[in-house]
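The values are calculated or read from the model by the stated rules, or taken from the named source; none is laboratory data. Bear in mind the structure is a predicted one, so any value in this text is a computation, not a measurement. A quick note on method: Cβ atoms are made from the backbone with ideal geometry, for glycine too, and the neighbour counts reach across all protein chains shown.
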Amino acid sequence: MINCFIGALLFLTGSALAIAEEGPLPADQRAMMALDSGESDAVKALPASEQQVLKATLALKEGSPERALDYLKHEESNNDPLIALLEAEAHRQSAVLAVARAGTYARGLQHEKESLENADLSSGLGEANVRLNAFIDQLDGVYGSPLHLLQLGADIKSVFLVDKARSRMFVYERNSGGEFERVADEYIVTGAKGGDKQKRGDARTPNGVYRFVRRLDNHELEARYGPVAFPIDYPNELDRLHHKNGHGIWMHGYPIGVGRRPPQDTRGCFALPNNRLLAMAEHVYLKQSWVIVGENFVFDQKERQSALLNSVKSVLNQWKQDWSSLDTEAYLSHYHNAFRSGKRNLAGWKRYKRRVNSNKSFIDVSISDLSLIHDPNSWPEGEMVVAEFNQHYRSSNYQDTTRKRIYLARSESDGEWQVLIEESVTP
């Protein structure tokens, strides 16, 4: 008896070691196990209809169309276009498998079989795949602290991260303790064409760092945009520097009565279902809600975030010191060759600053309420950080306080940040 027990124990131990050597289960398999058990908080938070959609999506990915149809037959939302497309793809896959099983008996149907294979509908299931990826992320507990939010001053109340690659929008807001925390993870629809917006009418959603600047509703808004819309300040000064044009980029809803849209389906705006849009409207504070648009945002990289923050703050501190020291040439060394401020280029800025500083016996510059946002996108000048702060300036013959925004660029990851754009902004 003892020998049998020891043998069984050794067998089980060996099995466990074999599983460990194989590594963690694939993401899709972990997702299906979680959905089947129903014990995870991520599963409990999903409506039954959403669980069925996810299960059917996984079954199709595994090549099990009959199982997908079995999941979908329990779904009561017969008018849901995504469910209808899942059913159509499941029937198509099932028909292809049936013809293959017929073998030589169906040899005269080769053309029809090829037509069925070429009629793959999976490209239209983008929303289902986005929702599945979001569910897997929630199971894995990823996407915590965004790398790109380096430092947020009191002037910023919320941040919306629009990830075009993931078709997801992550929303962060300051909690009662003053810390920013994620309050939403939403499916988002972006421009019909991929890539960064360059010109009016190109159906692309612009990449960059923006703010919500207006609220549109009632008579200001056509029904196709849903119950409310929030324009962003595109094009900003960085866009204009790169000759990007166009206008009217909004966060808006779906046409009344439309419940589903594929991931790339707007003329450049970003849209979400109307009920979710109204929920997100509660987190919008005009000119105090920033919008960062890009692809494949990076999360939970504390060391890299800290290094970025320190490098930018170091350059800003040196910029202030050189300005305050009346060492005009050292101060001007912080400016990029492609620098712009209003109508002034670098040469014009140098002439202006040399003339102004020559009439000063002292200068004192300090900043407060500093916000630093790392742009996730690559620009012709390289990496970019947007800095916004209150600038307190005092000299021998003038003093003022202004809200300042500067764009800092560097061409190499270990290079020096330089001021590419400098502008005064209204609160």
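Collect the residues in the stretch 179-203 that are at pLDDT 95 or above and of a type in the set (V, I, T), keeping them in residue-number order.
Hits for the stretch 179-203 are I188, V189, T190.
For the stretch 350-368, which residues satisfy the criterion of being surrounded by 14 or more Cβ atoms within 10 Å (Cβ to Cβ) and assigned to a strand (DSSP E or B)?
If the condition is that a residue be surrounded by 14 or more Cβ atoms within 10 Å (Cβ to Cβ) and assigned to a strand (DSSP E or B), then I363, V365, I367 are the ones that fit.
Do you know which residues across the stretch 399-422 are acidic (D, E) and over 22 Å from L309 (Cβ atoms)?
D400 - this is the single residue of the stretch 399-422 that is acidic (D, E) and over 22 Å from L309 (Cβ atoms).
Within the stretch 256-272, take every residue that is in a loop (DSSP other than H, G, I, E, B) and modelled with pLDDT under 95 and give me the one that is nearest to T205 (Cα to Cα).
Per the stated criteria, the residue is P263.
Is it the case, given these coordinates, that E388 is outside the structural domain of D196 (by TED's automatic domain parsing), buried (at least 20 other Cβ atoms within 10 Å of the Cβ) and modelled with pLDDT of 95 or more?
yes
Taking the residues in the stretch 93-149 that are at pLDDT below 85, aliphatic (A, V, I, L, M) and outside any helix (DSSP H, G or I) as candidates, determine which candidate is farthest from S64 (Cα to Cα).
Taking the candidates together, the pick is V142.
β-branched (V, I, T), within 27 Å of K157 (Cα to Cα) and touching a Leu at 6+ places or on another chain (Cβ under 7 Å): does that describe V365?
no
Please identify the pairs in which a residue from the stretch 156-170 that is in contact (Cβ under 8 Å) with a residue 60 or more places away in the chain has its Cβ atom under 6 Å from the Cβ atom of a residue that is among the small types (G, A, S), counting only partners at least 6 apart or on another chain.
These pairs meet every condition: I156/S371; S158/S289.
Which of (1) among the aliphatic types (A, V, I, L, M); (2) under 31 Å from the mean Cα position of the chain (by Cα); (3) assigned to a helix (DSSP H, G or I) does A347 not meet, given it meets every other one?
So A347 meets the others, but not (2).
So G342 clears everything in (1) on the phi > 0 side of the Ramachandran plot; (2) without any contact (Cβ under 8 Å) to a residue 40 or more places away in the chain except one condition, right? Which one?
Unmet condition: (2).
Could you check the stretch 214-253 and list, in sequence order, the residues that are part of a loop (DSSP other than H, G, I, E, B) and of a type in the set (G, A, S)?
G226, G246, G248, G253
Could you grab me the full set of residues in the stretch 275-326 that are at pLDDT below 95, in contact with a Gly (Cβ under 7 Å, 6 or more places away or on another chain) and not in a loop (DSSP other than H, G, I, E, B)?
Correct list: F299 only.
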